[in-house]
Amino acid sequence: MLRTTFGTKIHGKHGQISVPSRGPAIVGGAVAVIFGGFWTLFTSFIFPPFALFGLLFIGLGLWSSISHFGRAEQYQRLRTRHESKRQELTQRLQSRG
């Protein structure tokens with residue numbers, strides 16, 4: 001586990017820390033768009049001003065999904081860099097001994 005993650009980890013409601021991944025970001029975005037689309041469609045027939053809440057929900061869901069996906073990508077880049085530096089240092093130490 002990396003000690004410094006530069007703000008890429010996600011803090012849960014009760015303080016638990018988790019590693020961001022791309023899968024939940026994609027699923028969360030899809031759920032937000034589908035729910036927002038249904039909300040917009042159904043409320044536009046019943047009471048059109050409520051359809052704006054669906055559009056807001058879609059926008060916030062997409063923003064959250066893109067943000068989470070970016071964190072997952074950044075975490076993966078940092079982890080790859082960390083592992084390559086660690087391997088390089090391990091090889092240097094082994095070549096000395």
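Among S65, S84, which is the only one that is outside any loop (DSSP other than H, G, I, E, B) and touching a residue at least 24 places away in the same chain (Cβ under 8 Å)? Steps first, please.
Numbers: S84 fails: touching a residue at least 24 places away in the same chain (Cβ under 8 Å).
Exactly one residue qualifies, and that residue is S65.
Taking region 47-97 as the range and being surrounded by 15 or more Cβ atoms within 10 Å (Cβ to Cβ) and more than 24 Å from the chain's Cα centre (by Cα) as the test, only A51 passes.
What are the residues in region 20-62 that are closer than 14 Å to I10 by Cβ and not in a helix (DSSP H, G or I), if any? Before you say what the answer is, go through the steps one by one.
Looking only at region 20-62, we keep the residues that are closer than 14 Å to I10 by Cβ, and these are 20-25, 28.
Answer for region 20-62, where residues must be closer than 14 Å to I10 by Cβ and not in a helix (DSSP H, G or I): P20, S21.
Tell me, which residue of region 1-15 that is within 16 Å of the chain's Cα centre (by Cα) and in a loop (DSSP other than H, G, I, E, B) is modelled with the lowest pLDDT? Filtering region 1-15 for residues that are within 16 Å of the chain's Cα centre (by Cα) and in a loop (DSSP other than H, G, I, E, B), the one modelled with the lowest pLDDT comes out as T5. Scanning region 19-46 for residues that are within 10 Å of F57 (Cα to Cα), without any contact (Cβ under 8 Å) to a residue 24 or more places away in the chain and surrounded by 15 or more Cβ atoms within 10 Å (Cβ to Cβ) gives W39, T40.
The values are calculated or read from the model by the stated rules, or taken from the named source; none is laboratory data. The shown structure was predicted, so the numbers you read here are calculated from the model rather than taken from an experiment. Here Cβ is always computed from backbone atoms with ideal geometry, including for glycine, and neighbour counts include all displayed protein chains.
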